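Only the coordinates and a few stated rules stand behind these numbers; no lab work does. Being a predicted model, the structure only gives us computed values, none of them experimental. Virtual Cβ from ideal backbone geometry, glycine too; neighbours counted across all protein chains shown.
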Amino acid sequence: MNQAIPTENDARAEIEELSANKESVGLKTNWKRTELKALYDLPMNDLLFKAQSIHRQHFVPNQVQTSTLMSIKTGACPEDCAYCPQSGHHNTGLSKEQLVALDTVIQSAAKAKQAGATRFCMGAAWRSPRGKDFPVVLEMVKEVKKLGMETCVTLGMLSNEQAHQLKQAGLDYYNHNLDTSEEYYDQIITTRTFGDRLETLGHVRDAGMKVCAGGILGMGETLEDRLGLLQALANLPEHPQSVPINQLIAVKGTPLEDAKAVDSLEFIRMIAVARIIMPESYVRLSAGRENMSDEMQAMCFFAGANSVFYGDKLLTTDNPDTDHDKLLFERLGITVEGSEAVQQEPSGSSNGQPKETNKPAKKLYHNAAVA
Ligand code: SAM
Ligand code: DTB
Ligand code: SF4
């Protein structure tokens, strides 16, 4: 962090340059590790200022996207992911469940929509979808889509054909995380390779669906590994449209149950670097919010996170309850994407000044005054 401290004029000049070169910044897919490290090592205020400035060129400020998760097939997974409570290799005391019924999914999605979520994300503890289960998942996608929600599934590895079938069913996003750096990957998972993950992401992209790919911090990885994860995501042929950054939930019975928690400032720095290097991607403050203070979450939003999982549960573990999230958004003056109130456009899409638009937006909360 031995750098000359930029003056206010330097910062202004930099923003102007970034605004003028929006395209060239947005499309970069050849990030070097040293470039990421230089960003990461900036003085915190400079890093946050840069991330927030870039954020405002591409996204509506003070707005988050909300997805609700549902586990549609739980536990007994043949994969050995060291972080995962659903792996059949670990004894976490989780009750296993076969694929849930279509009606149950429709009801849960309708409830999530009612609560304010715009995307419904269905997760299955599979290495890959097989046999008679896959056509049922296709039905689930079609039915959730009919409710007027965006759809996302995460089912493990996909063949090219399965990716096309999901696209055909109307799937918007496929979630498939790289989880960590290529170098650290075999310390965390031995039943598949980093290359397998890239292959599935290629099938998803080729089928024309949006890619949701991110990773987990706090699995004993080094800073180099964390930067390696972000580098791998940013250097995919296209930036993933959605980048979930999870903080490990250290579940008892998994090999990572005693993993050391990530330092909050280091986590926030990673969010800021993700925002800077993938300026047009939604960066999701994903698993682990239950263990983050409101202040830390506020810093993550300032650093460029603009998406969360919304709902009391993730797949098998707890998420902050919806009342807490509503209050947090209210205290931060954050609105939820896809709702009804008048919203602002990103400054980069106009003359540099945020401007009013009729984009639908609704607050998830009552408009009570907050002292
Ligand atoms: N089986 C599919 C797969 O692995 O792609 C889909 C479900 S899997 C649970 C989805 C993602 O959840 C994983 O890739 C991982 O990033 C995240 N995840 C799982 N357990 C976690 C934990 N304990 N803490 C944080 N993230 C976790
Ligand atoms: C993602 O990156 N995180 C979500 C979602 N994509 C599928 C899953 C988090 C799971 C946390 C552990 C659990 O609840 O089982
Ligand atoms: Fe199975 Fe996915 Fe969990 Fe790995 S992360 S054990 S593949 S459910």
Set the bar at 27 Å for Cα to Cα. Now go through K145/K252; K252/K326; K145/K326 and name every pair that lies beyond it.
K145/K252; K252/K326
Tell me, in nm to one decimal, what length is gained between A76 and K37 on full extension, where the rule is 0.36 nm per residue of separation less the Cα-Cα distance?
10.2 nm
Would you mind putting 182-192, 271-281 in packing order, based on average other-beta-carbon counts within 10 Å, highest first?
271-281, 182-192
Answer in debye to the nearest 20: the dipole magnitude of the stretch 54-198 about its Cα centre, from +1 Lys/Arg and -1 Asp/Glu charges placed on Cβ, is 560 debye
Cα-Cα over 27 Å: which of K28/K50; K96/K146; K37/K313; K111/K210; K96/K313; K50/K313?
K96/K146; K37/K313; K50/K313
Alpha carbon centre of the stretch 39-103 versus the stretch 237-264: separation in Å?
8 Å
The stretch 250-333 - Rg and Dmax from Cα coordinates, angstrom:
13.5, 40
If you take the square roots of the eigenvalues of the alpha-carbon gyration tensor of the stretch 192-292 and sort them as a ≥ b ≥ c, do you get rounded (a/c under 1.5), prolate (a/b over b/c) or oblate?
prolate
What residues of the stretch 306-324 lie in the reach of a label at A298, counting those whose backbone N is under 19 Å from a point 7 Å from the Cα along Cα→Cβ?
306-308, 320-321, 323-324
